[in-house]
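Everything on this sheet refers to the single structure shown next.
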Amino acid sequence: MNRYRAIRCRLATTFVLLGFTVFLASGAAQCTNSVVGVLTGQYDNLRDSVNSSETCLTPQSGTFYAPDGVTPIFVQKAAFPTLISNGTESPIYAQPLYAPNVPIENAKHNVIYLAALNDVVYAYDADNYGSGSPPSGQLYWSTSLIANCTQTAGGTTYPGAIVKLTPGPGVLLPYLGIVSTPVIDAKAGIIYVVNACQVTNPNAYGAQWYLNALSVVTGKPVAPAVQISGGVTNAAGTTVFTPDYELQRSALLLTRDDAGAAEIYIAFGALTVEGANQAPYHGWLFGYALNSAGTALVQQMAFTSTPTASVFSSMCDSVISDGYPLPPNWCGEAGGIWMSGRGPAAVTLDGELDLFLAVANGGFQTSAPRNWGESVLKFPAGTAASPTDAFTPSGWYLDENENDEDMGTSGVLLFDGLVNGATRHFLVVTDKAGNLFLLAQEELGGFHSPDNAIQEFLASSSVACQQTNNADSYCNEPHSLVYWNNTLYMWPMVSPLRAFPFSNGAFVETPLFGAQPEGFPGGMLALSSNGTTNGILWALSSKSTYNQKTPGTLTAFDPNTLAPLWSSTDAFLLPTFGEATVVNGRVYVPTNDHGLLVYANH
């Protein structure tokens, strides 16, 4: 008997779909969609970045202007106390999450949950604001996770701290804390968060990663935090998770079995970009779940994308890559899972729940034990620690790896489409060069020459991009995708906004063009609609390579014409790959320097 629910729908968009019963109650609400929650990154486990239950915002009301038609309504700046320096805001790299009708202080409240880089989780009232100009948010609770790293050794207690990073090429973060988007289990009332912290114990690793399970009502742990660790052993030896070299950037994934138990999946990639001094790292996927008593987090599975750490693949040669020698055993290392911060996807196929993700960098080899660099992978949900299907482009080495055209810059997006009147299940993914790969969820395509993809074409430019890992010549990278009303949207860096209609099993390769090019990382997209009507395409644009102190912009577009509807005029700095949350008539924007900004039409 299949232990996973056969639910093919938005797995985490609304509380109703998750069997939510704890928070759901009648109460004051501004919009008819007050029971809609944004409980996971990219709105649902399909990772399509769409809230299709938005009844407040329309192409007319989503302009966020005061009656004079000029002044933007800037309703909230939620202040963040920071542990780095007084008087400055902590950056927020995670997408804000939204839960309606949470029972706090003897009343029901819509709550926005923020996970900041300073290792603190905040629960703010999503609707009510305090005094000031702009007004500050009403804070219900905040929980610091730094104490996870406190250790006692030899009678000495070593306190935890934020992990400070040495500035330099490829270091995109000022420090390590909470980097990825958490996930909310609405049935249990738990928000799962992964954080990094450091201990001053000289005998311990400097950076450590922890999984936390906090009550959405109080912010208190429902079980002790667990340090993420482990390894994989095969005929080639043992590959051990080394937290100092890893970055947990991808959004967390929550799935549920037939008994209602939640399992949390956590993906890792490299802490720094490739280079001559690159420390050896591997891509990792871990699965955790609460035990039956709900008192402890237990590891269910561990997978590394490049397990042959001591074996140099026969499919690789020792070459010079973009000015520096490939590190020893390059093809047995790397293989990070980052997907521009987007999470692994999940959907039920033929009664079985499957997970999908993309692996960038690293070696690939077909003989066991397999390496899975530059591949799209499919896993059965549960305890399985190896993929059941994969797609690897035939140019994985010279193009994807040697030229750093990393597979999966957009993350993976799952959708259904019609082929000759019958529904088929698809996956779309892109690489740094802007190549789009359309795959079948049931059979990804394997490794063949030519590629066994349903469709493959250069989607982000008319000119192919070469040597993309040269920091001075970034090219056509798409970092997010939206799929709505049989149309795929992307806004790659240094390339115009575009929309690709989907018709009879394939994308129309000549897109509709919209806004002109932006800098790194292009536009990070989301879409709100009331079903198939009143669509608004939202874009966050930081306007600068590596976010070099250039104010970002929130822009609204008509998804049917790509005509601009409105653009913010406030000066704020955006986090790398920052994503807005659009729900209940508001747009919540995470920033590097202004905490949380909220735009609203009421």
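Every read-out reported here was derived from the displayed coordinates using simple, explicitly stated rules and does not represent laboratory data. Note that this is a predicted model, so its numbers are computed, not measured. We place every Cβ from the backbone using ideal geometry, glycine too, and count neighbours over all the protein chains shown.
Using packing as a proxy for protection, rank 588-599, 224-235 so that the peptide with the highest average count of other Cβ atoms within 10 Å comes first.
Put in order of decreasing packing, that is 588-599, 224-235.
Stretch Gln299-Ala368 to full length: gain in nm at 0.36 nm per residue minus the Cα-Cα span?
Full extension of this stretch gives 22.4 nm more.
Around Tyr93, which amide H atoms from residues at least 5 apart in sequence, or from another chain, sit under 5 Å from its own amide H, with H modelled in the peptide plane?
Distant-sequence amide H within range of Tyr93: Leu117.
Please list, in order along region 415-432, the HN-Hα scalar couplings obtained from phi with the Karplus expression 6.51 cos²θ - 1.76 cosθ + 1.60 (θ = phi - 60°), rounded to whole Hz, x for Gly and Pro.
Karplus-based 3J(HN,Hα) across region 415-432 equals 7, 9, x, 8, 10, 6, x, 9, 6, 10, 10, 10, 10, 10, 8, 10, 10, 4 Hz.
Once R0 is set to 30 Å, what does the formula 1/(1 + (r/R0)^6) return for the Cβ-Cβ distance between Thr388 and Asn291, expressed as a FRET efficiency to the nearest 0.05?
The formula returns an efficiency of 0.65 here.
Can you give the FRET efficiency to the nearest 0.05 for Thr88 and Thr156, using r as the Cβ-Cβ distance and R₀ = 35 Å?
Once the sixth-power term is evaluated, E becomes 0.65.
Whole-Hz Karplus ³J(HN,Hα) for region 341-355, in order, using 6.51 cos²θ - 1.76 cosθ + 1.60 and θ = phi - 60°, x for Gly and Pro?
x, 7, x, x, 9, 8, 7, 8, 10, 6, x, 10, 7, 10, 9
Taking H as built 1.01 Å from N, whose amide H comes closer than 5 Å to the amide H of Ser375, not counting residues under 5 places away?
Val359
Grab the other residues whose beta carbon is less than 12 angstrom from that of Ala526, score K and R as +1, D and E as -1, and report the net.
Net of charged neighbours comes to -2.
Through the Karplus equation 6.51 cos²θ - 1.76 cosθ + 1.60, θ set to phi - 60°, convert the phi angles of region 43-53 into ³J(HN,Hα) values in whole Hz; use x for Gly and Pro.
So the Karplus estimates, Gly and Pro as x, are 6, 7, 6, 6, 6, 8, 6, 10, 9, 8, 10 Hz.
Which far-off residues, 5 or more places away or on another chain, put their amide H under 5 Å from the one on Gln455, with H placed in the peptide plane?
Correct list: Leu438.
Return Asp258, Asp125 ranked ascending by Cβ neighbour count within 10 Å, so the fewest neighbours appear first.
Asp258, Asp125
List Phe457, Phe364, Phe502 from most exposed to least, where exposure is judged by having the fewest other Cβ atoms within 10 Å.
Lowest to highest Cβ neighbour count: Phe457, Phe502, Phe364.
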